[in-house]
Amino acid sequence: MAHQHSPSFLKLVEDAKTRIRQLTVDQVKAKLERRDKFHLVDVREESEWAKDHVAGAIYLGKGIIERDIESHLPDKGTEIILYCGGGFRSALVADNLQKMGYTNVSSMDGGMRDWRNRGYPLSKES
């Protein structure tokens, strides 16, 4: 389901995107297929995660990730790829994680919307 985002939210997201690295869903899928070493993190709401998510992802929702990231992924140099529904919330989280000292963070542009549209595999297991 598409959301109509407010102009202020979109401005905030566009500002964050000027400071972060973004990857396409095709680039993330290729990294998964090559078995590259990275952490794929779903930052959507818990109800969205429960419905389905990218296989191999871990869940750290946008509401708690800044609080909990260091206990789950303490190495601030580890590669982290974040995704959400469309790439907006994950862009905001990527910006915040960089401010916290994480140096290898990306946001999956297009998020689950583009992942689903390409027919890429999904999981319902946690």
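Report summary: the helix-based calculation at 222 nm, which adds -39500 (n - 2.57) for every DSSP H run with n ≥ 4 and divides by the residues of the chain, gives -12000 deg cm²/dmol.
Quick check for the chain: number of Lys pairs with alpha-carbon distance under 16 Å, counting only pairs 8 or more apart or on different chains? The partial results should precede the final answer.
Numbers: LYS17/LYS99; LYS29/LYS37; LYS37/LYS76; LYS51/LYS124; LYS62/LYS99; LYS76/LYS99.
Taking the chain as the scope, the lysine pair count is 6.
Candidates [x] 56; [y] 63; [z] 48; which is the computed percent of Cα pairs over 18 Å apart? Of the labelled values, this structure produces [z].
The Stokes-Einstein estimate for region 72-126, based on a Kirkwood radius over Cα pairs and taken at 4 °C with 1.567 mPa s viscosity, is a diffusion coefficient of 108 µm²/s. Our estimate of slack between GLU66 and ARG19, defined as 0.36 nm per intervening residue step minus the Cα-Cα distance, is 15.2 nm. Backbone geometry of region 25-33 corresponds, through the Karplus equation with coefficients 6.51, -1.76 and 1.60 at θ = phi - 60°, to 3J(HN,Hα) couplings of 5, 5, 5, 5, 4, 5, 5, 5, 5 Hz, x marking Gly and Pro.
For region 80-86, 3J(HN,Hα) computed residue by residue from phi via the Karplus equation (6.51, -1.76, 1.60; θ = phi - 60°) reads 10, 10, 9, 9, 9, x, x Hz, glycine and proline entered as x.
Bear in mind these aren't lab numbers, they're just calculated from the coordinates by the rules spelled out. These figures come from a predicted structure and were not determined experimentally.
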